[in-house]
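Please read the structure below before turning to the comments.
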Amino acid sequence: MTETASAWLRPDELEAVRGRMPILYIDAVPVRVDQSGTVTKVGLLLRIGADGTVSRALVSGRVLYHERVRDALLRHLEKDLGPVALPQVPASPQPFTIAEYFPTPGVTPYHDPRQHAVSLAYIVPVAGDCRPRQDALDFVWFTPEEAASPAVQQEMTGGQDVLLRQALAHVGCLP
């Protein structure tokens, strides 16, 4: 008989794993699209970091053991945007890029001081009402031009500004 264990790690166990191997994450760029599928708005969270800094952020989080990537996307989108955000994740989600976060700055444009993380990055149309939850202070819809502006980009940390620009370029909305 196969023994099943919880998919959750205690904080000390997670810290030990983070120090030894890459962890799989998802990053999601919530968007609004018009009838033709053109991106008209990009949604960004406003978060407060552990160090007290406030920054704009994408929806992001770990993929749990024995969890499908699709389910991780839906779980994190609901956790951050609320239960009536109505994300439209395709039947076979394909990332627009893979972001590799390193604890050492400068290895890639992506930095996470806690760990080496590999993140599958998705652009996800959202049709419903978004209300920030969990550790998010706010959620704001920007036009693609506003999202790519230096003012918004400088509010993002860890390379998520680069990831957002890649998402905008992927959908043909980088000004």
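The values are calculated or read from the model by the stated rules, or taken from the named source; none is laboratory data. This structure is a prediction, so every number in the text was calculated from the model and none was measured. All Cβ positions, even for glycine, are placed from backbone atoms using ideal geometry, and neighbour counts span all protein chains on display. What goes into the accessible areas is simple: the full protein's heavy atoms, side chains included, and nothing from ligands, DNA or RNA. Shrake-Rupley method; radii C 1.70, N 1.55, O 1.52, S 1.80 Å.
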> Within the range 83-102, can you find the residues that are without any contact (Cβ under 8 Å) to a residue 40 or more places away in the chain, part of a loop (DSSP other than H, G, I, E, B) and open to solvent by 60 Å² or more (accessible area, probe 1.4 Å)?
Replying inline: 83, 88, 90, 91, 92, 94
>> Every residue in the range 83-131 that is under 20 Å from residue 49 (Cβ atoms) and under 14 Å from the mean Cα position of the chain (by Cα), please.
In response: 99, 101, 110, 111, 112, 117, 119
> Say we look at the range 18-63 and pick out the residues that are buried (at least 17 other Cβ atoms within 10 Å of the Cβ) and assigned to a loop (DSSP other than H, G, I, E, B); which of these is nearest to the chain's Cα centre (by Cα)?
Replying inline: 58
> So how many residues does the range 107-137 have that are among the small types (Gly, Ala, Ser), outside any loop (DSSP other than H, G, I, E, B) and closer than 22 Å to residue 93 by Cβ?
Replying inline: 3
>> Any residue that is touching a Lys or Arg at 6+ places or on another chain (Cβ under 7 Å), of a type in the set (S, T, N, Q) and at pLDDT 95 or above - is there at least one of those in the range 141-155?
In response: yes
> Inside the range 64-82, can you point out the residues that are loosely packed, with under 15 Cβ neighbours inside 10 Å and either under 22 Å from residue 34 (Cα atoms) or of a type in the set (Ser, Thr, Tyr) (or both)?
Replying inline: 65
